[in-house]
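Please read the structure below before turning to the comments.
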Amino acid sequence: ITDKAAYQANPLQPSDMSFLFEIRFARSLALAALTAEYEHGAGVGDTTVDFRVTFDTPWLVELVSLHESEAFKQATWTSGAVYGYALQTNADDPRRSEEGETLKAQERIGNKVFDQKHGPIKFPEPNGSIHMLMVDARGFLGDGHGDKFDWHQIVYGPHGLEDHFIKYWTNPKTGKRSPIMGLFEPGCPLAASHVMRERIHIVGFICERTFGAGEIKEQAFYCCNPALFENEEKARSVLSLWPLQKGFERRR
């Protein structure tokens, strides 16, 4: 933040960004006077979740970092000290679009709960604990250009969004164009979607700007899984126990 030249000369690698996010998240837990076990084995093979946070009802939390995609890097341009990116809905390469970035984000989130070879990973079926994915969204659209409407469609799909916020995708096999479905939606074509619906209670998104103490709590945006909560009141009641939040996204 304070020395951009030094950062450009020694840019963080994706693995660095993920590890630093873990540190900042752990700091946020400590500031909230919470205790947690790191790399907790929840009984799903030899996989682990990043944190088991101690409550009367424990929370299992896995962190996800959205790094710059290769398609975004190819869509980025520079001219001296000026830079930008060109993501177009009708790009020749459909990956170089905001829609393509949305699908890539869903894939990366889904990879935290489902492996093509081994099936469900990290999170067991719900049995007395709350399961949450916390998404570091700074890499979405390259430099954290996402917002609550993007997070809504990633998780819930288009329902409840105004038309101009909805992203559509053209199936390259059929040529059919339709709204991008959310990870919690029945019928979502991603293989990880059924595991998300069955095992993940909450998905949180955070796009930090200052990396200061308290920013995760102040800026995080949470989406609750309608398949795992009886109603909105129950979702509010459970999320109210989580200290790193100011509110959550209503399922419309």
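Find how much the distance from residue 39 to residue 168 grows on full extension, using 0.36 nm per residue of separation minus their present alpha carbon separation; answer in nm with one decimal.
On the way: separation 129, 0.36 × 129 = 46.44 nm, distance 3.72 nm.
Between residue 39 and residue 168, full extension yields an extra 42.7 nm.
Non-local amide H neighbours of residue 115 (under 5 Å, H modeled in plane, Pro and chain starts lacking H): which ones?
121
With the contact rule set at Cα under 8 Å and sequence spacing of 6 or more, what percent relative contact order holds for segment 191-252? Don't skip to the end; give the middle numbers.
On the way: 72 pairs, mean separation 21.8, N = 62.
That works out to 35 percent.
Using a cut-off of 12 Å between beta-carbons, work out the net charge of the residues near residue 22 (Lys and Arg +1, Asp and Glu -1, residue 22 not included).
Numbers: positive: 24, 27; negative: 16, 39, 50, 62, 136.
Spelling it out: positives minus negatives among the neighbours equals -3.
If you plug each phi of segment 19-36 into the Karplus form 6.51 cos²θ - 1.76 cosθ + 1.60 with θ = phi - 60°, what whole-Hz ³J(HN,Hα) values come out, in order, with x for Gly and Pro?
5, 5, 5, 4, 5, 5, 5, 4, 4, 4, 5, 5, 5, 8, 6, 9, 10, 8
Ignoring ligands, DNA and RNA, what accessible area per residue does segment 1-61 give at 1.4 Å, in Å²? Working shown, then result.
Values: 3770 Å² over 61 residues.
Value for segment 1-61: 62 Å² per residue.
Largest first, what is the accessible-area ranking of 131, 67, 159 with a 1.4 Å probe?
Values: 131 0, 67 45, 159 90 Å².
My answer, sorted largest first, is 159, 67, 131.
How large is the accessible surface of residue 168 in square angstrom, using a 1.4 angstrom probe and rounding to the nearest 10?
80
Starting from the amide H of residue 208, placed 1.01 Å from N in the peptide plane, find each other amide H under 5 Å away whose residue is 5 or more places distant or on another chain.
For residue 208, the qualifying residues are 137, 138.
Could you please put 134, 181 in sequence from largest to smallest accessible area, using a 1.4 Å probe?
On the way: 134 0, 181 60 Å².
Per-residue accessible area, sorted high to low, gives 181, 134.
How large, in percent, is the carbon and sulfur part of the accessible surface of segment 112-251 at a probe radius of 1.4 Å? Before the final figure, lay out the partial values.
Numbers: 3270 of 6710 Å².
Of all accessible area on segment 112-251, carbon and sulfur atoms account for 49 percent.
Determine the order of 52, 138 by accessible area, beginning with the largest, at a probe radius of 1.4 Å.
Working: 52 75, 138 35 Å².
Listed by decreasing accessible area, they come as 52, 138.
Tell me, what HN-Hα J-couplings in whole Hz come from the Karplus equation 6.51 cos²θ - 1.76 cosθ + 1.60 at θ = phi - 60° for each residue of segment 199-210, using x for Gly and Pro?
Here the 3J(HN,Hα) series is 10, 10, 7, 9, 10, x, 10, 9, 10, 6, 10, 9 Hz.
The values are calculated or read from the model by the stated rules, or taken from the named source; none is laboratory data. Since the model is a prediction, treat every value here as computed from it, not as a measurement. Note: ideal-geometry Cβ built from the backbone for every residue, glycine included; neighbour counts use all protein chains shown. Accessible surface is based on the protein model in full, side chains and every heavy atom, while ligands, DNA and RNA are left aside. Shrake-Rupley method; radii C 1.70, N 1.55, O 1.52, S 1.80 Å.
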